[in-house]
1. Can you tell me how much longer the chain between residue 70 and residue 13 gets when fully stretched, taken as 0.36 nm per residue apart minus their C-alpha distance, in nm with one decimal?
2. At 7 Å along Cα-to-Cβ for each site, give me the label-to-label distance between residue 90 and residue 106 in nm.
3. Between residue 22 and residue 55, what is the label-to-label distance in nm when each label sits 7 Å out along the Cα-to-Cβ direction?
4. For a distance above 19 Å, tell me the whole-number percent of Cα pairs in the stretch 14-81 that qualify.
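Derivation of every value follows stated rules applied to the coordinates shown; laboratory data play no part. On a predicted model such as this, the values are computed, not experimentally measured, just so you know. We place every Cβ from the backbone using ideal geometry, glycine too, and count neighbours over all the protein chains shown.
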Amino acid sequence: MAPMPQSAQAQGAPTVWQKMKMGAMMGTGVGLTIGFIFGSYSILRGGAGPRGVLSTLSQYMLSSAATFGFFLSIGSVIRNDTPAQWEAARLQMLPPIMHSRNQGLAIVKARWEQEKAKRSS
C-alpha cells in the first residue's frame, strides 16, 4: 500500500473559514448558472428592457450568485460545525459494526448459554 503524500497528512481538517469560502464559491457558481438560465429566459420572454441585454442578464446573474453564495456559505459552516472531538466520542459509544469470526462465535455461544439458563430455570 502506497503511503499518503506528506501534504495530505499534515494538512488535517479544513478550518471554518475554509469551509465558508468553499460554500461561498460553490454557491456563487450555482447562482451564476441559475441567474444565466432564468435571466436568459426572462429576456427572451419579455425583452431586455431599457438597459439592454447585457446589463439585464448581468443583474440577474450577480443577484442570484450573491444570494446563493451567501446562503451556501452559511449552510456549509452550520452543517460542519460539530467539533471533531464530539464526533469521535459519538463514534466510540457506538457498538462495532463488524466482528471477527472468533468474536462473533463467542457472542453466539454466550447468547446460547443465556437461553439455556432461561429455559432451565
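1. Numbers: separation 57, 0.36 × 57 = 20.52 nm, distance 2.23 nm.
Residue separation times 0.36 nm, minus the Cα-Cα distance, leaves 18.3 nm.
2. With each label point 7 Å from Cα toward Cβ, the separation is 2.9 nm.
3. 4.0 nm
4. Value for the stretch 14-81 (Cα pairs over 19 Å): 40 percent.
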